[in-house]
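Just below is one structure, and these are the notes that go with it.
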Number of protein chains: 2
Amino acid sequence: MKHITVTLTQMLTLMACLAGLNRGLSAQESEAVKSEAETFTIETITENLDVPWAMTFLSENTALVTEREAGSLYKLDVTSGQRDVIQGLPDILRDRPISSGIFDVRAHPNFSENGWIYMAYGVGTVEGNGLAVDRFKLANNTIQSRERLFEATPMIAGKWHFGGRLVLADGYLYISTGDGYDHSALAQDLSAHAGKILRLHEDGRVPDDNPFINQQEALPEIWAYGVRNPQGMALEPETGVVWWNEHGPQGGDEINRASKGTNYGWPIITYGEEYGGGPIGDGITHKDGMEQPTYYWVPSIAPSGMTFYNGSVFPKWQGNAFVGALALTHINRLVIEDGRVLHEERLLADKGWRVRFVEQGPDGYIYFGVDDGMIMRLVPSQ
Amino acid sequence: MKHITVTLTQMLTLMACLAGLNRGLSAQESEAVKSEAETFTIETITENLDVPWAMTFLSENTALVTEREAGSLYKLDVTSGQRDVIQGLPDILRDRPISSGIFDVRAHPNFSENGWIYMAYGVGTVEGNGLAVDRFKLANNTIQSRERLFEATPMIAGKWHFGGRLVLADGYLYISTGDGYDHSALAQDLSAHAGKILRLHEDGRVPDDNPFINQQEALPEIWAYGVRNPQGMALEPETGVVWWNEHGPQGGDEINRASKGTNYGWPIITYGEEYGGGPIGDGITHKDGMEQPTYYWVPSIAPSGMTFYNGSVFPKWQGNAFVGALALTHINRLVIEDGRVLHEERLLADKGWRVRFVEQGPDGYIYFGVDDGMIMRLVPSQ
């Protein structure tokens, strides 16, 4: 090993240089970014979070934010960046190396009237774990009136791929569950919750018109199946359709519309391949009775949280989907028309940010959280 | 200006080095290229053409090839690279700076029985020109029995954007025409052929069920309108649908399905912008009664000739569309399902080849021509 000798003066110069670089990066963040359809600046709301995973607005300037692995829930003032810890959390599985913790948090669409907040998180032990979904209210930043709405069955010895996104739409609660990574066959097994899109009434009851409600052995909550690791799910406001995305294996990340009773094919069909190369299963991309994705990415962008934009401050983005990307760090903008993807743009790809969620604020700005611990927003600029 | 002095030895070394580099590039062409779904080598069939623009197979090993600007037509043996000049060409407009010459050439699907060949080319003068389409037969490499099937009206003082692709399908002849660049308003004018997709019987008669056949002032050949510069058009064999692509202005290159009577919006709506920036027209992307593209590219790839693949030697490419790209030099592979684009891959993007056409051979190989004057093919490899 080679040793480098530096003088104190050299070291001070280096440190000054690094400080300057840091200032340079901060300044760059507030410069206008001209993208294909809109020009914006980036504002940092808060920093030093431990992997923010989800965000939901309670009022014009107040949001809840989760830290997945730390299993923390905060109330965030987006004007000041002030964070308050929410107390009274339930028991949350957050034992390394299990990739668990708190996943999504969603305010009910009529939160201002009914006060309900929905939260998805990991429960159980290393040997047997799965996803749970509760709803609760808040008083003095403390959880009240908590109700268990859902708990995955069977519990499995999973380490990764919990899924964990929630959508509230038209009185229904949609839940995305992952395949547990080592348990991918369960995605085709209707007697397991793993690897599914589920649909409940928003109070946890099972709707009578769910597709497998009368099928012996099938779990009645299942809405769609053949799912791998759905870390993004969102309502398309214009159509009422629920979309979800998921990590493929190496390549073959997908975006899909969650159609009733549909089999999305994992792990039988996929556009990805085994890590390190080689086919998965039979190495096929099509099979009768299994749905093709709406759109897919190769190589993997590693999609995470997503939202549809319907605000007024970015008029040319109306109707577009925004998907966070982890591996190919960026925000993925998809132009969507009649259920098909017309175009893809990769925003902020030069920043190196692993984007965990994208959320539209009541102000119409686009908020997003990154693994570096920041929550930022895009604000229109000229 | 700085002068560089080199010795003879240095010069010889440099030349040897360049020669080695050249050998290196040739060798690289025959190395296996691993793409997302298929692995292939690239074989050069012929070189030193002056912008090959179209290719159509007459038999297993024989094809016709056009040079657009030179206005030449050749018979090419794809096993030997041997080219024979076709004699007896009609009068073709090929006066610089008009971007005319011979455009597409297509053998009839039953060529082996009826011997018909279809050709699109520019006619007229600098002051008044447009697209013409003939069909003819060949004897001793000479054009025989030539019939004029179509001639654009009105003739316009156009310099660019002739369109000029042909598709023969189910007894019909589809013709793509450009907007003449300086005459873009004609694309919305049903009394002009410019900026349209046209549909004839394969003998030139106008079909009774064309959409504007009973509309006073409208030209009866029009199948679809609101088109800019359609340099690629192809039949999707599985569905019988005709697809076409076109250059947008700066950005907003499109791929579309040619639906009967449909207005594709140019120059009213577009995802592109004026060269140098700024909106086109009202700067809008949507308008009632105007169709959205199936898919679009921003920034421009500058799409050219296209084909759908249904051969057996590249099984994982079946059903995919392949589109040549000029500006962003590559072959664009589009995975298509039920009329939507699921995925895009850019093949050979590192080669710097402006790809003018992509054609499937009877052998299932994919043939393509580039502005550097080569015709090459992709052959499966392990």
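The values are calculated or read from the model by the stated rules, or taken from the named source; none is laboratory data. Note that this is a predicted model, so its numbers are computed, not measured. Backbone-built Cβ (ideal geometry, glycine too); neighbour counts: all protein chains shown. Just the protein is used for accessible areas: all its heavy atoms, side chains included, with ligands, DNA and RNA removed. Shrake-Rupley method; radii C 1.70, N 1.55, O 1.52, S 1.80 Å.
Numbers at a glance
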read-out	value
In order through segment A:369-375: 3J(HN,Hα) via Karplus (6.51 cos²θ - 1.76 cosθ + 1.60), integer Hz, x for Gly, Pro	x, 10, 4, 5, x, 9, 10
Residue of chain A nearest the A-to-B rotation axis [by Cβ], rounded angstrom distance	A:340, 2
Position residue B:287, label points 7 Å along Cα→Cβ, spacing to each other copy in nm (shortest first, one decimal)	4.8
Per residue accessible area of chain A, 1.4 Å probe, in Å²	42
Carbon/sulfur fraction of accessible area - segment A:32-380, other protein chains in place, 1.4 Å, %	42
Accessible area in the full protein assembly, largest first, 1.4 Å probe, for A:161, B:286	B:286, A:161
Potential lengthening between residue A:95 and residue A:215 on full extension [0.36 nm per residue; Cα-Cα distance subtracted]	39.6 nm
Inter-label distance, nm, simple model (7 Å from Cα along the C-beta direction), residue A:43/residue B:318	5.5
Cα point-scatterer Debye curve for chain B, base-10 log of I(q)/I(0) at q = 0.06 Å⁻¹	-0.23
Degrees, to the nearest 10: B:8-29 long Cα axis against longest axis of chain B	50
Length-normalised contact order of chain A in % [C-alpha pairs under 8 Å, at least 6 apart]	13
Distance in nm between pseudo-label sites at residue A:170 and residue B:288 (7 Å out along the Cβ direction from Cα)	2.5
Residue B:238 paired with residue B:157, simple spin-label distance in nm, labels 7 Å along Cα-to-beta-carbon	4.9
Segment A:213-320: GluC sites (Glu not before Pro) in DSSP coil with no more than 15 other Cβ atoms inside 10 Å	A:217, A:238, A:274
Alpha-carbon centroids, segment A:252-325 and segment A:103-162: separation in whole Å	25
Volume in Å³ per residue [convex hull over Cα atoms, computed for the protein assembly as shown]	236
A/B buried area, accessible surface, summed, 1.4 Å probe, Å²	1700
Unit charges on C-beta of K, R, D, E only; dipole of chain B, Debye	720
Sequence-distant residues sharing a close amide H with residue B:328 (under 5 Å, placed H)	B:302
Backbone HN-Hα couplings from phi across segment B:164-180 [Karplus 6.51/-1.76/1.60, Hz, Gly and Pro as x]	x, 9, 10, 9, 10, 8, 6, x, 10, 10, 9, 10, 9, 10, x, 8, x
Straight-distance crosslink candidates among aspartates and glutamates, where the alpha carbon sits under 15 Å from residue A:351 and sequence neighbours closer than 8 are dropped	A:29, A:31, A:43, A:371, A:372
Residue B:287 - accessible surface, heavy atoms, 1.4 Å probe, Å² rounded to 10	100
Heavy-atom accessible area ranking, 1.4 Å probe, most first, across B:329, B:79, A:294	B:79, B:329, A:294
Residue pairs, from the table A:34/A:260; A:287/B:34; B:34/B:75; B:75/B:316; B:159/B:196; A:260/A:287, whose Cα atoms sit over 28 Å apart	A:34/A:260; B:34/B:75; B:75/B:316
Sequence-distant residues sharing a close amide H with residue A:182 (under 5 Å, placed H)	A:159, A:160
